[in-house]
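Participant: This is the structure I want to talk about, given as structure tokens.
Just so it is clear, none of the values below were taken in a lab; they were calculated from the coordinates. Note that the coordinates shown come from a computational prediction; the quantities given were computed from them, not determined experimentally. Positions of Cβ are backbone-derived with ideal geometry, glycine not excepted, and every protein chain shown enters the neighbour counts.
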Amino acid sequence: MATDTTAAYPISVHGEVDPDLGRWLWLIKWLLVIPHLVVLIFLWIAYVLLTIFAFFAILFTGKYPRGIFDFNVGVLRWTWRVAFYSYNALATDRYPPFSLSTRDYPANLEVEYPERLSRGLVLIKWWLLAVPHYLVTGILEGGFGGWGGLTSLLAIFGAVGLLFNGRYPADIFRLVLGFNRWALRVAAYASLMTDEYPPFRLEP
């Protein structure tokens, strides 16, 4: 018989719906996020290059360089804020800060720093072990980290509900938040930030 063994995962992804969401602003957020998208392109180039460097550091030392770790977590955090503001959630009208660090914002992401990482797992977890999760997140996100998947579709449904009813449907938000949480956990795992396998669940 299956039992509930839910435990805290080292990657935490949180978000709260803005109670004062405007009914129409979501229609032009594609334009408003362009400055963030331009910056994120360069941040993600750096992220990929630094992750490759971290791969070799973990392979030879068993440690993820702390400075690189903090930078990469910051890129994930920035990405999550922009996604939460725009078409992966549409759950706040507060413009995302241009910052890698934690801020007073309705969406946040934290990753516990691992003191030691497996030198063996670093060889296979990002491509072989993560394949089941890649298949799921490919459906949810419309491609890893992309817009246009089930997550964005539900976020738009939520925005349409807001347009006609004046509120973001709570059930839709729970799904949207859960789908994003799943994808970001997989991103952190594939980026070698933890050896703990991502759970197949939407909850924290």
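Participant: Would you kindly derive the ³J(HN,Hα) couplings of segment 183-190 from the backbone phi angles with the Karplus curve 6.51 cos²θ - 1.76 cosθ + 1.60 (θ = phi - 60°), listing them in order in whole Hz, with x for Gly and Pro?
Facilitator: 5, 6, 4, 5, 4, 5, 5, 5
Participant: For the chain, rounded, prolate or oblate, judged on the Cα gyration tensor with a ≥ b ≥ c (square roots of eigenvalues), a/c < 1.5 rounded, else prolate if a/b > b/c? Could you put the intermediate results ahead of the total?
Facilitator: On the way: a/c = 2.12, a/b = 1.53, b/c = 1.38.
Prolate shape, in that a/c is at least 1.5 and a/b is the bigger ratio.
Participant: Which one, VAL38, VAL186, VAL122, has the greatest fluctuation when you compute a Gaussian network model over the chain with C-alpha springs under 10 angstrom?
Facilitator: VAL38
Participant: Something else: Apply the Karplus parameterisation 6.51 cos²θ - 1.76 cosθ + 1.60, with θ equal to phi minus 60°, to every residue of segment 197-204 and state each ³J(HN,Hα) to the nearest whole Hz, in sequence, with x for glycine and proline.
Facilitator: 5, x, x, 8, 7, 8, 7, x
Participant: With 10 angstrom as the radius, rank TYR47, TYR113 by how many other C-beta atoms surround their C-beta, starting from the fewest.
Facilitator: Working: TYR47 20, TYR113 13.
Ranking TYR47, TYR113 by Cβ neighbours within 10 Å, fewest first, gives TYR113, TYR47.
Participant: Please find the FRET efficiency linking HIS14 to GLU196, where r is the Cβ-Cβ separation and R0 is fixed at 22 Å, and quote it to the nearest 0.05. Let's see the in-between values first.
Facilitator: Values: r = 18 Å, r/R0 = 0.83.
With R0 = 22 Å, the Cβ-Cβ based efficiency is 0.75.
Participant: Right, next: Quick check: net charge around ASN180, other residues with Cβ under 14 Å of its Cβ, Lys/Arg +1 and Asp/Glu -1?
Facilitator: Once all neighbours under 14 Å are counted, the net charge is +3.
Participant: Right, another one. Would you mind ranking GLU112, GLU141 so that the residue whose beta carbon has the fewest other beta carbons within 10 Å leads the list?
Facilitator: GLU112, GLU141
Participant: Also, quick follow-up: Just want the ordering: THR102, THR79, from fewest to most Cβ atoms lying within 10 Å of their own Cβ.
Facilitator: Ordered from fewest to most neighbouring Cβ atoms within 10 Å, THR102, THR79 come out as THR102, THR79.
Participant: Can you compute the modelled spin-label distance between VAL38 and ARG119, with each label point 7 Å from Cα toward Cβ, in nm?
Facilitator: Each label point is offset 7 Å from its Cα along the Cβ direction, giving 4.5 nm.
Participant: Using only helices, what value at 222 nm comes out for the chain when you add -39,500 (n - 2.57) per DSSP H run of length 4 or more and divide by the total residues, to the nearest 500 deg cm²/dmol?
Facilitator: Theoretical 222 nm ellipticity from helices: -16500 deg cm²/dmol.
Participant: A further question follows. To the nearest Å, what is the center-to-center distance of segment 52-68 and segment 97-111, using C-alpha atoms only?
Facilitator: 24
Participant: From the backbone phi of segment 125-141, what are the Karplus-calculated ³J(HN,Hα) couplings (6.51 cos²θ - 1.76 cosθ + 1.60, θ = phi - 60°) in whole Hz, Gly and Pro given as x?
Facilitator: 5, 7, 10, 7, 5, 7, 4, x, 6, 4, 5, 5, 5, x, 6, 5, 9
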